[in-house]
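Visitor: Below is the structure I would like to discuss, written out as structure tokens.
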């Protein structure tokens, strides 16, 4: 990360690998884990496992499915779901586009192989190209679709993948598990009704650094934990390169800003640069709409999402 936007130097240390702690940037370090973000992985696995089983039970399902991209987030969720309900009740969908990195599919296949769960490969290329067009031939979006930006195409791909997941959930008879982490949710690095959509999210309260820590503890392949996070929007694209900051630095700031409720002045006094604090605060505030259900114009005495807020309950409950 280039200077000028991050936290104080040396604030994040390498994760424990092979019985010793690697220095930041060292080849021996599997990932960087800021001290304040370290979690008890045994407790996290137990809590998340109980959460997964409870969500399925309350909704009346025994199975789950998810989109497996080959990245650490979806890989971790696959491991957690398989551990909670058994791999025979998990379906992983691999949904590459024609420009997706071959390594992503290979990593996803390795997760499936290790878990022993069901999987399907569904190419989304015909759907995406049918909308935007290809090789100069317009698609359903018309001529202007041929010049759609990578971000626009990426958002469409995310929504196509979620549409495929929900369609397949009917025939599989399972709930769609989310794979988004807390860091990306807070800064809005998600696609509404795309990767942000799901029936339940096992890792939604884990920062990216904590995702890596739990992934290591549960046995996700090291190659997946090590590789640079990427939405695979175009060849060579990485999340950190596009955003301009590293996840460990961002996670530290978000932890103190959100979890510990430090003010901007307090964050600057801690060593975070003012421009970085201001930028991230704007991202968090500007993406709030993605984290809430759509607002409803209140007209009646009991309005869904406002004053009719009963928690989820078991099917057949007599409570009104």
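Visitor: Select from the stretch 260-279 the residues that are outside any helix (DSSP H, G or I) and touching a helix residue (DSSP H, G or I) at 6+ places or on another chain (Cβ under 6 Å) and write down the one among them that is surrounded by the most Cβ atoms within 10 Å (Cβ to Cβ). Walk me through how you get there before you give the answer.
Guide: Filtering the stretch 260-279 down to residues outside any helix (DSSP H, G or I) leaves 260-263, 270-273.
This time we only want the ones that are touching a helix residue (DSSP H, G or I) at 6+ places or on another chain (Cβ under 6 Å), so: 262, 272.
Working: 262: 18, 272: 24.
Among those residues, the one meeting the criterion is 272.
Visitor: Step by step: first the residues of the stretch 127-160, then only those that are within 30 Å of residue 63 (Cα to Cα) and more than 17 Å from the chain's Cα centre (by Cα), then the one that is surrounded by the most Cβ atoms within 10 Å (Cβ to Cβ). Which residue is that?
Guide: Looking only at the stretch 127-160, we keep the residues that are within 30 Å of residue 63 (Cα to Cα), and these are 127-128, 154-160.
Imposing the further condition that a residue be more than 17 Å from the chain's Cα centre (by Cα) reduces the set to 127-128.
On the way: 127: 19, 128: 22.
Here the answer is 128.
Visitor: Related question: Just to be sure before I move on: is residue 175 modelled with pLDDT of 95 or more, touching a helix residue (DSSP H, G or I) at 6+ places or on another chain (Cβ under 8 Å) and more than 14 Å from residue 74 (Cα to Cα) in the structure I sent?
Guide: Numbers: modelled with pLDDT of 95 or more: yes; touching a helix residue (DSSP H, G or I) at 6+ places or on another chain (Cβ under 8 Å): yes; more than 14 Å from residue 74 (Cα to Cα): yes.
Yes.
Visitor: Scan the stretch 130-151 for residues that are out of contact with any helix residue (DSSP H, G or I) (no Cβ under 6 Å at 6 or more places or on another chain) and in contact (Cβ under 8 Å) with a residue 24 or more places away in the chain and report the count.
Guide: Summing the residues that are out of contact with any helix residue (DSSP H, G or I) (no Cβ under 6 Å at 6 or more places or on another chain) and in contact (Cβ under 8 Å) with a residue 24 or more places away in the chain in the stretch 130-151 gives 3.
Visitor: Let me ask another. So the check is Cβ under 9 Å with 6+ separation or different chains; which pairs have a first residue in the stretch 164-190 that's at positive phi and a second one that's assigned to a loop (DSSP other than H, G, I, E, B) and surrounded by 21 or more Cβ atoms within 10 Å (Cβ to Cβ)?
Guide: none
Visitor: Tell me the residue from 197, 163, 215 that is surrounded by fewer than 21 Cβ atoms within 10 Å (Cβ to Cβ), in a helix (DSSP H, G or I) and modelled with pLDDT of 95 or more, please.
Guide: Details: 197 fails: in a helix (DSSP H, G or I); 215 fails: surrounded by fewer than 21 Cβ atoms within 10 Å (Cβ to Cβ).
From the options 197, 163, 215, the qualifying one is 163.
Visitor: Out of curiosity, is residue 113 surrounded by 20 or more Cβ atoms within 10 Å (Cβ to Cβ), over 19 Å from the mean Cα position of the chain (by Cα), over 30 Å from residue 147 (Cα atoms) and modelled with pLDDT of 95 or more?
Guide: Numbers: surrounded by 20 or more Cβ atoms within 10 Å (Cβ to Cβ): no; over 19 Å from the mean Cα position of the chain (by Cα): yes; over 30 Å from residue 147 (Cα atoms): yes; modelled with pLDDT of 95 or more: yes.
The answer is no for residue 113.
Visitor: Would you point out the residue of the stretch 91-107, among those that are buried (at least 20 other Cβ atoms within 10 Å of the Cβ) and without any contact (Cβ under 8 Å) to a residue 60 or more places away in the chain, that is nearest to residue 50 (Cα to Cα)?
Guide: 92
The values are calculated or read from the model by the stated rules, or taken from the named source; none is laboratory data. Here the structure is a predicted model, which means the values were calculated and not measured. Quick reminder, even Gly has a Cβ in these numbers, built from the backbone with ideal geometry, and neighbours come from all protein chains shown.
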